[in-house]
Amino acid sequence: NTHKINPFKYDMNEVLSASAMDPSKASAFLASVIAKASRVSSRDAKDFIRTFVDSGDLTKDESDRMCKLLDRYSKFR
């Protein structure tokens, strides 16, 4: 839901700031998550987040929190 993009960014930035991900990488990551969620689907955005768990940039707990944020801010039709 693009009407709630700013609260979503704020919540995601809180999770990312607590993570071990490099801050310069985090902004590009957040932009990619938003683009995938708004243009493709929230499922693809969740899969994209999970690829960063495999590479070691995020923990499973952090990715679960991000996926919950996607669910909370998504509009299901």
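The values are calculated or read from the model by the stated rules, or taken from the named source; none is laboratory data. Not measured: the values here are computed from a predicted model. We place every Cβ from the backbone using ideal geometry, glycine too, and count neighbours over all the protein chains shown.
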If you go through the stretch 16-32 one residue at a time, do you hit one that is in contact with a Ser or Thr (Cβ under 7 Å, 6 or more places away or on another chain), surrounded by fewer than 18 Cβ atoms within 10 Å (Cβ to Cβ) and at pLDDT below 90? no
Listing of helices (runs of 4 or more DSSP H) fully contained in the chain that carry 3 or more residues being in contact (Cβ under 8 Å) with a residue 40 or more places away in the chain: 5-18, 60-73
Output for the stretch 9-27, where each listed residue is over 16 Å from residue 46 (Cα atoms) and small (Gly, Ala, Ser): 17, 18, 19, 20, 24, 27
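Condition first: out of contact with any Lys or Arg (no Cβ under 7 Å at 6 or more places or on another chain) and over 18 Å from residue 9 (Cβ atoms). Now tell me which residues in the stretch 41-55 satisfy that.
Taking the stretch 41-55 as the starting set, the residues that turn out to be out of contact with any Lys or Arg (no Cβ under 7 Å at 6 or more places or on another chain) are 41-43, 46-47, 49-52, 54-55.
Those that are out of contact with any Lys or Arg (no Cβ under 7 Å at 6 or more places or on another chain) and over 18 Å from residue 9 (Cβ atoms): 41, 43, 47, 50, 51, 54, 55.
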